[in-house]
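Heads up: the structure comes next, in structure tokens.
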Amino acid sequence: MNGIVAYGAYLLSFRHAQRRLDALGPSQLLCLSSLLCALMLAVAIPLEHETFAIPDGRSLASLLALGLVGQVLGWSLIVRA
């Protein structure tokens, strides 16, 4: 349930930023959002005693596919909606 609330808050914040930062294009706003999320992960990972290490090539390929299809394509469609 917390994940749903957090994701809803993220979407509302993203939409608010779209309206306020009209000088940024959709792709630039998506890049800024991704960088901010990566920064938050970089802070949270050491606190949870985890690592950014990718264990093997198959995991790397899965992450690249997720990033290209799920994130870039999906968010590009959401931003332009």
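Give me the pairs: first residue in the range 47-63 and free of Cβ contacts under 8 Å to residues at least 24 places away in the same chain, second residue surrounded by 10 or more Cβ atoms within 10 Å (Cβ to Cβ) and part of a helix (DSSP H, G or I), beta-carbon distance under 7 Å, and six or more apart or on different chains, which are they?
Taking only residues 6 or more apart or on different chains, the pairs are 51/45; 52/45; 54/60; 54/63.
Which residues, taken from the range 51-60, are modelled with pLDDT of 90 or more and loosely packed, with under 11 Cβ neighbours inside 10 Å?
Those that are modelled with pLDDT of 90 or more and loosely packed, with under 11 Cβ neighbours inside 10 Å: 53, 55, 56, 57, 58.
Keeping to the range 10-32, report how many residues are of a type in the set (Ser, Thr, Tyr) and under 13 Å from residue 75 (Cβ atoms).
2
Take the residues in the range 37-81 that are among the charged types (D, E, K, R) and closer than 20 Å to residue 10 by Cβ, then tell me which one is nearest to the chain's Cα centre (by Cα).
Going through the qualifying residues, I end up with 80.
Kindly establish whether residue 76 is without any contact (Cβ under 8 Å) to a residue 24 or more places away in the chain and surrounded by 11 or more Cβ atoms within 10 Å (Cβ to Cβ).
Considered against the rule, which asks whether it is without any contact (Cβ under 8 Å) to a residue 24 or more places away in the chain and surrounded by 11 or more Cβ atoms within 10 Å (Cβ to Cβ), residue 76 comes out as no.
Is it the case that the range 15-25 has a residue that's open to solvent by less than 80 Å² (accessible area, probe 1.4 Å) and touching a residue at least 24 places away in the same chain (Cβ under 8 Å)?
Yes, that holds for at least one residue.
Identify the residue in the range 1-48 that is outside any helix (DSSP H, G or I) and either hydroxyl-bearing (Ser, Thr, Tyr) or farther than 21 Å from residue 68 by Cα (or both) and, among all such residues, is modelled with the lowest pLDDT.
Ranking the candidates gives 1 first.
The values are calculated or read from the model by the stated rules, or taken from the named source; none is laboratory data. What you are looking at is a predicted structure, and each value in this text was computed from that prediction instead of being measured. Neighbour counts are summed over all protein chains in view; Cβ atoms, including those assigned to glycine, are modelled from backbone coordinates with ideal geometry. Please note that ligands, DNA and RNA were not included when accessible areas were found on the heavy atoms of the full protein model with its side chains. Shrake-Rupley method; radii C 1.70, N 1.55, O 1.52, S 1.80 Å.
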